[in-house]
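K.L.:
Mind having a look at this structure? Questions to follow.
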Amino acid sequence: MASKPPVRAVVWDFGGVLITPITKLLDEIARWHDISMVEMLDVLMGPREASTPDHPWHRAERGELPTSAMQDEVAPFAAAAGLTLRGDEYERLLCGVFDVHHDAVARVRQLRDAGLRTALLTNSFKEFRALLEKHVDFGVFDVVVDSSEVGFRKPEPEIYTLTTARIGVEPEEILYLDDFAANLVSAAATGWRTIHVTDVDAAMRQLDEALAG
């Protein structure tokens, strides 16, 4: 059996990997409506397994819709789920409250200093770029692919193909860390190796093991 090629590039998701996920805020909002966090996620963020052409969260992440329009645009999706929203759900969800995983960010720097290519692949909003860069120095990445800038979002296959081209190595030489399983499925279909981040410390250990071969 042929051995795997060495990892030459490590790609990082932002939310849930370099910063804490928004699940705590989703849980808080879900309690407003007496539903589960997952049900609230499906209403406010749309399906995780695939992109849709019409959900406002997906449209905003592709740069097609300003975040200020999302609350009005999500009303039909909430109604279909039997919910009447308060009107400030996105205001709370996008309040910018999170913690940075500084050890993970430091690991990005270490890998780059060691000669590996580093990339950020994030689903985000145009309005949030300045906030994100205020907390994490994007200069630690050789490549930054922001869904709202390129017009594709994870798990759409085009965004992985684009990222691969920008990194400039073979897909099999890329290792990717993300906290959403659906995003990893598409990455693996592109040829990338993946780490599912459910605990950041454990993921850093998995990263070290993968790099050690």
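Readers should treat all values here as calculations from the given coordinates under stated rules, not as data from a laboratory. Source: prediction; values computed, not measured. Virtual Cβ from ideal backbone geometry, glycine too; neighbours counted across all protein chains shown.
K.L.:
Please list, ordered by chain and number, the residues whose modelled amide H lies under 5 Å from the amide H of ILE19; skip anything fewer than 5 residues away on the same chain.
P.N.:
Answer set, sorted by chain and number: HIS101.
K.L.:
Continuing with this model, one more query. Under 8 Å for C-alpha pairs, at least 6 residues apart: give me the relative contact order for region 23-93, rounded to a whole percent.
P.N.:
28 percent
K.L.:
How far, in nm, would the chain grow between ARG31 and THR84 when pulled straight, counting 0.36 nm per residue and subtracting the alpha carbon separation?
P.N.:
Stretched out fully, the ARG31 to THR84 stretch lengthens by 17.7 nm.
K.L.:
Residue-wise, which Karplus ³J(HN,Hα) couplings in Hz belong to region 195-205, taking 6.51 cos²θ - 1.76 cosθ + 1.60, θ = phi - 60°, and x for glycine or proline?
P.N.:
Here the 3J(HN,Hα) series is 10, 7, 8, 10, 9, 5, 4, 5, 5, 5, 5 Hz.
K.L.:
In a Gaussian network model over the chain where Cα atoms closer than 10 Å are linked, find which of PRO53, PRO76, PRO21 has the largest mean-square fluctuation.
P.N.:
Its mean-square fluctuation being the largest, the pick is PRO53.
K.L.:
Just flag the trypsin sites (Lys or Arg not before Pro) in region 127-213 sitting in loop per DSSP whose Cβ has no more than 14 other Cβ atoms within 10 Å.
P.N.:
Taking region 127-213 and a limit of 14 other Cβ atoms within 10 Å, no loop trypsin sites (Lys or Arg not before Pro) are found.
K.L.:
Next question. Might you report the magnitude of the Cβ-based charge dipole of region 1-103 about its Cα centre, with Lys and Arg at +1 and Asp and Glu at -1, to the nearest 20 debye?
P.N.:
Values: 9 positive and 17 negative charges, 90 e Å.
Dipole of region 1-103, to the nearest 20 debye: 440 debye.
K.L.:
I would also like to ask the following. I'd like the distance separating the alpha-carbon centroids of region 179-213 and region 42-113, in whole Å.
P.N.:
Region 179-213 and region 42-113 have Cα centres separated by 22 Å.
K.L.:
Same structure, new question: Can you return the lysines within cross-link range of LYS126? Criterion is Cα-Cα under 28 Å, with same-chain partners fewer than 8 residues away left out.
P.N.:
The reachable lysines, counting only those whose Cα sits under 28 Å from LYS126, are LYS24, LYS134, LYS154.
K.L.:
Below 23 Å, Cα to Cα, which lysines can LYS4 reach? Residues fewer than 8 away in the same chain don't count.
P.N.:
Cα-Cα hits under 23 Å: none found.
K.L.:
Report Rg (one decimal) and Dmax (nearest whole number) for region 61-144, counting Cα atoms only, units Å.
P.N.:
Taking only Cα atoms of region 61-144, I get Rg and Dmax of 17.1, 52 Å.
K.L.:
Projecting each Cα onto the charge dipole of the chain (Lys/Arg +1, Asp/Glu -1 at the beta carbon, about the Cα centre), which of GLY63, TYR90, PRO157 comes out farthest on the positive side?
P.N.:
Most positive-ward Cα: PRO157.
K.L.:
Ok, one more. How tilted is helix 23-33 with respect to the longest principal axis of the chain? Cα atoms for both, answer in degrees (0 to 90, nearest 10).
P.N.:
The angle comes out near 10 degrees.
K.L.:
OK, next. How many Å³ per residue does the convex hull of the Cα positions in region 1-102 occupy?
P.N.:
Taking the convex hull of the Cα positions in region 1-102, it is 161 Å³ per residue.
K.L.:
222 nm [θ] for the chain, helices only, -39500 (n - 2.57) per DSSP H run of 4+, per residue, to 500? Please report the intermediate quantities before stating the final value.
P.N.:
Values: 12 runs with 98 residues, N = 213.
Counting only the DSSP helices, I get -12500 deg cm²/dmol.
K.L.:
Divide the volume of the convex hull of the Cα atoms of the chain by its number of residues and quote the answer in cubic angstrom per residue.
P.N.:
Normalising the Cα hull of the chain by residue number yields 119 Å³.
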